[in-house]
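The values are calculated or read from the model by the stated rules, or taken from the named source; none is laboratory data. This structure is a prediction, so every number in the text was calculated from the model and none was measured. Here the Cβ positions follow ideal geometry from the backbone for every residue, glycine too, while neighbour counts run over all protein chains shown.
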Amino acid sequence: MTSPTIDAAAAGTWKLGDLTVNRIGFGTMRLPQTGEAFAPGAAPRDRDQALAVLRRAVELGVNHLDTAAFYFSSLRSANELINQALAPYSDDLVIATKVGPGRDPSGRWLPHATPGQLRGQVEENLRQLGRDHLDVVNLRIVGTDSVAERFGALAELREAGLIRHLGLSNIHRHQLAEAQAIAPVVCVQNMYGIGASPQERELVDLCGEQGIAFVPFYSIAGTAREAGAIAGDSGEVHAVARARQVSAAQIRLAWTLHQGAHVLAIPGTGDPDHLAENVAAGSLRLSGEELAALDSADR
């Protein structure tokens, strides 16, 4: 007997500004290549498979895609795959991208963009995606220095109509307040998952208090980061997964969504079976006992 297909709507919804999204989204970092993202010489993913995964994600109710112009391999670009697979875009599809980092054609990382260079990165995303505006642009930060000039440059592009909403990525608490003094912030993307520190939790709670979406990255991979899903999951994660007869990755996603109604998930994969599993994780409702066990687990 075939199991019923679970739609992304099972996870519930949240708003990025005035844009309603299902809380289970899709991250495109892994689409351009197989294996570890950004690894030198990574093999490009089969184009037809990448396009099929994107189309299947939308069929499963995913309406929040996370991407960036620096997500590319030697032959594949996440933005251009999105364009080919999904354009013309449906009215309810929200595409969030990131600016700040950059890579040269060989894949080598470049210094983060200056305020004056951010417009070029925004225009690059517009061109690759085939759009006249970007739904959400997240400013990716490294370090603890001021974000005012860079966020201010993006706020000007928002006023000009090139960007609808602004967010922040990889930030500290004081940087959120600094950005909010310049323009509204609809989402924060930071690393977060099982085993997160109390300090990391504080930012999740702060976003919830202010109605800001918190969009964790590496919620499945954890400290493995670009390398992908954790091979040696903790005993607590495996125990809950076995009892539920689901994968450890699904338990990690379910735990993430239980951290607050404002917490979204953007798991990425190039595998259609893993995609369906990730979306189905949005329907899992963990008990207080299960959550307590997972809260004690190591990252």
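Observations on the model:
- Any chance residue 164 is at negative phi and not in a strand (DSSP E or B): no
- Pair list, Cβ < 9 Å and 6+ apart or interchain, from the range 69-80 residues that are over 16 Å from residue 53 (Cβ atoms) and in contact (Cβ under 8 Å) with a residue 12 or more places away in the chain to residues that are outside any loop (DSSP other than H, G, I, E, B) and of a type in the set (Asp, Glu): 69/124; 72/80
- Pairs with Cβ under 9 Å, 6+ apart, first in the range 202-221 and touching a residue at least 60 places away in the same chain (Cβ under 8 Å), second surrounded by fewer than 20 Cβ atoms within 10 Å (Cβ to Cβ) and assigned to a helix (DSSP H, G or I): 217/225
- The range 257-283, residues that are farther than 16 Å from residue 6 by Cα, of a type outside the set (A, V, I, L, M, F, W, C) and surrounded by fewer than 24 Cβ atoms within 10 Å (Cβ to Cβ): 258, 259, 260, 262, 269, 270, 271
- For the range 119-136, the tally of residues that are assigned to a helix (DSSP H, G or I) and under 20 Å from the mean Cα position of the chain (by Cα) stands at 7.
- Output for the range 151-198, where each listed residue is crowded, with 20+ Cβ neighbours inside 10 Å and of a type in the set (Ser, Thr, Tyr): 169, 192
- Residue 50 modelled with pLDDT under 95, touching a helix residue (DSSP H, G or I) at 6+ places or on another chain (Cβ under 6 Å) and not β-branched (Val, Ile, Thr): no
- Residue 7 meets the stated requirement of being surrounded by 16 or more Cβ atoms within 10 Å (Cβ to Cβ), in contact (Cβ under 8 Å) with a residue 40 or more places away in the chain and acidic (Asp, Glu).
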